[in-house]
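The structure appears below as structure tokens.
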Amino acid sequence: MSDSGEPDRQFAAAESICPFCGVGCGIQYMEGGKATGWKGPVNTKGEICPKGAAAWDVIDHPDRLTAPLVRDGDVLREATWDEALDRVVESFERVRRAHGPDALAFFASSNCTNEENYVLQKLARALGTNNVDNCARLCHASTVAAMGDRLGAGAMTNSLDDLREADVFFLIGANPADQHPIIFRSYLLPALRVGTKLVHVDPRETTTTQAADLHLPVRPGYDIPLLNAMAAVVVEDGLVNDAFVAERTTGFESYRESLDGVDVDAAAEQAGVDPADLREAARLYGEADRAAAFTGMGMSQHHYGTENVHALINLALLTGNVGRRGTGVNPLRGQNNVQGAGDVGALPNVLPGYQSVTDADARARVSEVWGFEPPALPGRTEVELTHAAGDTVHAAYVFGENPAVTEPNQERVRAALERFDCLVVHDGFLTETAEYADVVLPGSLWAEKSGTVTNTDRQVMRMRPNTTPPGDARTDLDILCALAGRLTDLDFDYPDPESVFDELARVSPDYDGMTYDGIGTGSQRWPFDRDAGEGTAVLHREAFESGSKTAPFRIVDHVAPADAVEGDALVLTTGRVIQQFNSGALTRRSETLMRMRGEDVLQIHPDDADARSIEDGTRVVVENDRGRVALAAEVTPAIRPGTVFMTFHYADPLANRLTGDALDPVAKIPEFKHSAVHVRVASDD
Ligand SMILES: Nc1nc2c(c(=O)[nH]1)N[C@H]1C(S)=C(S)[C@@H](COP(=O)(O)OP(=O)(O)OC[C@H]3O[C@@H](n4cnc5c(=O)[nH]c(N)nc54)[C@H](O)[C@@H]3O)O[C@H]1N2
Ligand SMILES: Nc1nc2c(c(=O)[nH]1)N[C@H]1C(S)=C(S)[C@@H](COP(=O)(O)OP(=O)(O)OC[C@H]3O[C@@H](n4cnc5c(=O)[nH]c(N)nc54)[C@H](O)[C@@H]3O)O[C@H]1N2
Ligand code: SF4
Ligand SMILES: [Mo]
């Protein structure tokens, strides 16, 4: 028996997928209460990183939610499932009657399966709203918008396997050595060892930089001048791929003219990099037979993140680096199912398979399977929905997300969370967001569920249960189906995840033809060809996914970051470390990981530290008009002068007290990577 008096759970190894990053390594239970790798489609030797190895630590953690909670005044008290679900149904129906369906908001989860996200978005639409989104919004929304617009698919153009054939890796705004460790170790490093060159663009020297041939320490927010200047060098040096430009692109002349106006030395200075290094980067990329670009949060998380990615796409088109093995534009996706959450339609503007909600034919096709027509007006995005709390949005369902840590400008977010008439949090733990909830539903974590997830290179893989949920917790799919059954007249009585997947495959053209049996312990990749029985590894070969043979060039101009940096202000950019994951809900509870790095630090350059009498280890205050945090300084030349860095993994120090909520006009992604702050030694009080 366990401490709670519940019978002990049975644990048995079964091939599942790591709950953390978008690499999608195969992991499973190991005797003695650990997680271990199995030979999965991506980690083909069974290799995993420290987070994967610690993934079991949360499964039988004493903090797990084991019963539903409902709010009575100031306290959350235990309740039965019936009472908790009735409370949700009563509140959601009341809000819908009083204010209409668009007063409801559904936050889907990139940490959860395709089946779970599919059911949640279908529920939202059945209730009459497209207000469903997932934290891809905070992540690669801008990348997806730019690539979807120009190329017709918002996903990696290539597969990890073929990318090993590149002559040059151009990595911009990403740190895969720490954030996608198995891609870095098992795909990138082996290629580097046999001669592939690595160019790394990042304001900091990171673990990834240590493997680079060339590092451009760009000023945060100045990637557009850098990329435009690289394109200008490619043109000046005659490195344009004329045949590709002629056959596969439009708008070259006006784009080239726009580059005539670029002064390479001045642009390099503006971007904060050595002009000679910038020229060398352009030549390496332009001269390579195959150059593969990888892009991450340093590019996407700006209030003009979409424009950043447009500038990168220009460079790839100019040099013909799309549609062949070892090339392309490759976003390294965030969570284990952030790609899938978007694929299955947990987004406010698209149905499963990225079919626009405004497309009447798409709505009609979907309604043939669903038995109802989804609403035609796009819904609102995550940060917009949070901001609308108490104004036009009155009830919210938060599934596997922790916005009270991860959304920008926390003072505003936390005030908003107070204003919902009804906030439901469905999670494995009582998170910082759950503290604001009216109802908390205890869900399942990775080892307790079955279903599919779609990784960064579009491989759909299966998770299998290694145990059952603790106490009265239920599987996530059970909870969502039970709720949907009570909130609608529709049949949400799916016998198992497989039957949900079969319906998804019928509704989503990209997944059409995939099956659980077909996936097995391997994977099926989208876009899937039903007749050939296999997916497409390299996109855009003969024609772009948009259906057109050509993709347009686009003139991109630098946009100033939202925060002006004046006086002795420094630029704060935020990000990640290898031992922690996002809001830290899972990793902060792992003793092994916390031993590797127990607290957050502020990276600051020695010159900036000296000017403020800060020494290594000094406790400092970081503040701006939005908020203030205190933490220890790490004085290091690894960060460029004028810039400081901290992670957003902790509730204290809470980095997102400092970040602003200016949103990209197209993708509505916030500016997590550029905030003006003041840094000083903390006084004793
Ligand atoms: N260990 C670990 N792995 C993770 C996660 C985690 O939390 N921990 N999270 C997962 C998720 S959800 C995601 S989205 C991915 C993210 O993976 P990455 O994209 O690698 O994530 P970040 O560390 O946020 O940002 C990458 C780099 O951008 C740099 N940068 C900051 N500002 C700029 C800029 O203006 N321009 C450029 N060029 N670079 C800049 C930062 O210094 C940082 O090194 O990681 C996934 N994997
Ligand atoms: N300052 C700053 N802020 C950022 C970023 C940044 O770089 N800088 N990055 C942004 C990015 S890229 C992202 S993706 C977001 C992430 O933002 P979130 O999605 O809010 O963060 P996570 O920690 O991934 O949220 C995970 C929640 O899901 C729960 N969970 C995990 N697995 C399961 C499951 O199987 N079932 C259920 N029911 N719950 C589960 C966890 O307990 C946790 O509470 O943060 C964003 N915020
Ligand atoms: S690389 Fe990513 S998917 Fe693989 S074990 Fe590490 S965190 Fe998990
Ligand atoms: Mo992310």
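For the stretch 472-486, in order, what is each residue's ³J(HN,Hα) by Karplus, 6.51 cos²θ - 1.76 cosθ + 1.60 with θ = phi - 60°, in whole Hz (x at glycine and Pro)?
3J(HN,Hα) across the stretch 472-486, in whole Hz: 8, 4, 10, 5, 4, 5, 4, 4, 5, 5, 4, 5, 5, x, 7.
Mind giving me the nanometre distance, one decimal, between the label points for ALA543 and ALA569, set 7 Å out from Cα along Cα→Cβ?
So the two model labels end up 4.9 nm from each other.
Go through 533-542, 355-364 and give me the packing order, highest mean Cβ count within 10 Å leading.
Put in order of decreasing packing, that is 533-542, 355-364.
Where in the stretch 666-685 does the amide nitrogen come within less than 16 Å of the point 7 Å from the Cα of SER613, taken along Cα to Cβ?
679-685, by backbone N distance to the label point.
Could you let me know the centre-to-centre spacing of the stretch 251-279 and the stretch 534-580, using Cα atoms, in angstrom?
After rounding, the separation between the Cα centres reads 18 Å.
Would you kindly state how much longer the chain becomes between GLU373 and THR468 on full extension, computed as 0.36 nm times their sequence separation minus their alpha carbon distance, in nm to one decimal?
Gain on extension, GLU373 to THR468, equals 30.6 nm.
Normalised by the empirical 2.2 N^0.38 Å for globular proteins, what value does the Cα Rg of the stretch 16-58 take?
Working it through for the stretch 16-58, the quotient is 0.99.
With a 10 Å radius around each residue's Cβ, average the other Cβ atoms per peptide and rank 315-323, 267-275, highest first.
315-323, 267-275
Would you mind giving the average projected area, over all directions, of the Cα convex hull of the stretch 553-668 in nm² with one decimal?
Averaged projected area of the stretch 553-668's Cα convex hull equals 9.5 nm².
Ranked highest first by the average count of other Cβ atoms within 10 Å around their residues, in what order do 344-351, 64-71, 431-438, 676-683 fall?
344-351, 431-438, 64-71, 676-683
Once the piece of chain linking THR550 and ARG94 is laid out straight, how much longer is it, given 0.36 nm per residue of separation minus the C-alpha distance between them?
159.1 nm
What's the Kirkwood radius of the chain in Å, using all Cα pairs?
25.4
Spin-label point model (7 Å from Cα, Cβ direction): what's the ALA560 to GLU253 distance in nm?
Here the answer is 3.5 nm between the modelled labels.
Between ASP74 and ASP359, take the C-beta separation as r, use R0 = 56 Å, and let me know the FRET efficiency to the nearest 0.05.
0.75
Using a Förster radius of 35 Å, what is the FRET efficiency between GLU534 and MET30 based on their Cβ-Cβ separation? Nearest 0.05, please.
For R0 = 35 Å, the calculated efficiency reads 0.60.
I'd like the Karplus ³J(HN,Hα) series for the stretch 244-254: coefficients 6.51, -1.76, 1.60, θ = phi - 60°, whole numbers in Hz, and an x wherever there's a Gly or Pro.
Calculated HN-Hα couplings, in order: 5, 4, 5, 7, 10, 9, 10, x, 5, 4, 5 Hz.
Counting DSSP beta bridges in the chain, what percent are antiparallel, to the nearest 5?
DSSP beta bridges in the chain are roughly 50 percent antiparallel.
Counting other C-beta atoms within 10 Å, which of CYS112, CYS18 has the fewest, and how do the rest follow?
CYS18, CYS112
Explain nothing, just the number: relative contact order of the chain, from Cα pairs under 8 Å at least 6 residues apart, as a whole percent.
20
Points 7 angstrom from Cα along the Cβ direction at GLU591 and GLU165: gap in nanometres?
Taking the simple label geometry, GLU591 and GLU165 are separated by 4.9 nm.
Bin width 5 Å, origin at 0, all Cα-Cα pairs of the stretch 508-553: what percent of pairs per bin?
Here the calculated profile for the stretch 508-553 is 5, 21, 24, 22, 12, 8, 5, 2, 0.
Less than 15 Å apart at the alpha-carbon level, and either on another chain or at least 8 residues along: which aspartates and glutamates does that give for LYS51?
ASP178, GLU591
For the stretch 33-47 and the stretch 590-615, what is the centre-to-centre distance using only Cα atoms, to the nearest Å?
First find each Cα centre; the distance between them is then 32 Å.
Using Cβ counts within 10 Å as a stand-in for footprinting exposure, how do TRP81, TRP56 rank, fewest first?
Result, fewest neighbours first: TRP81, TRP56.
Each reported figure results from applying straightforward, stated rules to the coordinates on display, with no laboratory input. All of these numbers come straight from a predicted model, not from anything done at the bench. Note that each Cβ is placed from the backbone with ideal geometry, even for glycine, and that neighbours are counted across all protein chains shown.
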